1. Could you give the dipole magnitude of the chain about its Cα centre, charging the beta-carbon of Lys and Arg +1 and that of Asp and Glu -1, in debye to the nearest 20?
2. How high is the relative contact order of the range 165-279, in percent, counting Cα pairs under 8 Å that sit 6 or more residues apart?
3. I need the GluC sites (Glu not before Pro) found in the range 116-213, filtered to DSSP loop residues with at most 11 other beta carbons within 10 Å of theirs.
4. Where Lys and Arg each count +1 and Asp and Glu each count -1, what net charge lies around E101 among other residues with Cβ under 12 Å from its Cβ?
5. Kindly provide the GluC sites (Glu not before Pro) of the range 215-263 that DSSP labels as loop, not H, G, I, E or B, and whose Cβ sees at most 16 other Cβ atoms within 10 Å.
6. Name the aspartates and glutamates eligible as straight-distance cross-link partners of K263: C-alpha to C-alpha under 13 Å, and not fewer than 8 places from it in the same chain.
7. Is the shape of the range 178-308 rounded, prolate or oblate, going by the alpha carbon gyration tensor and its root eigenvalues a ≥ b ≥ c, with a/c under 1.5 for rounded and a/b larger than b/c for prolate?
8. Could you work out the local net charge near P227, counting Lys and Arg as +1, Asp and Glu as -1, over the other residues with Cβ closer than 10 Å to its Cβ?
Amino acid sequence: METVVSGIRSTGKLHLGNYYGAVQNFVKMQHEYNCFFFIADYHSLTTHPTPENLHGNVKQVLIEYLAAGIDPERATIYVQSDVPQIAELYLYLNMNAYLGELERSASFKDKVRAHPDNVNAGLLTYPVLMAADIIIHKATKVPVGKDQEQHLEMARTFGNRFNRLYKTEYFPEPYAFSFSDKLVKVPGLDGKGKMGKSEGEGNAVYLSDSEEVIRKKVMRAVSDSGPTEEDQEKPEAIQNLFDLMKIVSTEDTFMHFDSLYNKCQIRYGDFKKQLAEDMVIATAPMRERINEIAADTSYLRKVSQLGAEKARESASKTIKEVREIIGFKHF
Ligand code: TYM
């Protein structure tokens, strides 16, 4: 059976981008593959969280994984830092990862632009740690959103380089995966680009947002003064709202508003109201479960212990073999 690995950075609550880009695929894949889903808390250290924030955020992602429907009996759910073998593999891969290629990564360049005062080595080698996360379980499929595509290419590069260097076929190639024919990019509500946590207040709708908060955010989403010509191309902000509707609403609803737009008869108030209601409906079951699961600390402890054990078993087998391949020997 093919092995699947994916993770979410532990930076707190999950938004609709995380859910539709990644987690929804996790839930489906757990029935068909040998799945490892983790909470990337090593990765989150690039932004220097306090110990309290770090733990709280890990817990929140664990709760939301479970609320979204990942079954800890089927898939292995674990916290990255519970598996230090990942950090060991990261060290080995770093010895053959080069400054030039790491500096060329699009997400590194974005981070440098956004935070020129915090360009740390962890940020630079972020794709190496991500490669270690994936190949530690010899995964071939990695369910992620569109923004992670380049990181997957780098994971293949580092795995292949290890194979070449040690003349082995040890690591298989991992590929980004989505059940839809393309990798998903969920737009945000601010009229430009993707939904994301660091894109500013009001851009992201979270799974844990209350109904009122969802309605307020959607009603405030950036739009314009409306179409002036029939069948005109939609500007980015409007296209983004239609893309969101395509994700959360029925086909009929989408077609209805699309046709009103094309006839210049759309009323954005009605359009946004419908979009907000459909987001409320889509997230309702998870919202309820988030509160239930959050209250059950002993269940969370059980799940994370079980996951850590299963993940460590798989990772330590790989590390043992990798050490032999590299040439570490006992006297
Ligand atoms: P992160 O935490 O930024 O996002 C987690 C997952 O959510 C997806 N995603 C989106 N998909 C579509 N539209 C959006 N607007 C959107 N925003 C986020 C991301 O593509 C991702 O799949 N580096 C990773 C975490 C990671 C990882 C890994 C993933 C660490 N190691 C190994 C896979 C395998 C990250 O920062 O994702």
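The values are calculated or read from the model by the stated rules, or taken from the named source; none is laboratory data. What you see is a predicted model; the values in this text were computed from it and never measured. Heads up, the Cβs are rebuilt from the backbone with ideal geometry, glycines too, and the neighbour counts pull from every protein chain shown. For accessibility, only protein heavy atoms count, side chains too; no ligands or nucleic acids. Shrake-Rupley method; radii C 1.70, N 1.55, O 1.52, S 1.80 Å.
1. The dipole of the chain has a size of about 900 debye.
2. Reported relative contact order: 26 percent.
3. E169, E201
4. Local net charge: 0.
5. E229, E230, E233
6. In chain and number order, the partners are E229, E230, D231, E233.
7. Since a/c reaches 1.5 and a/b is larger than b/c, the shape of the range 178-308 is classed as prolate.
8. Summing Lys/Arg as +1 and Asp/Glu as -1 gives -3.
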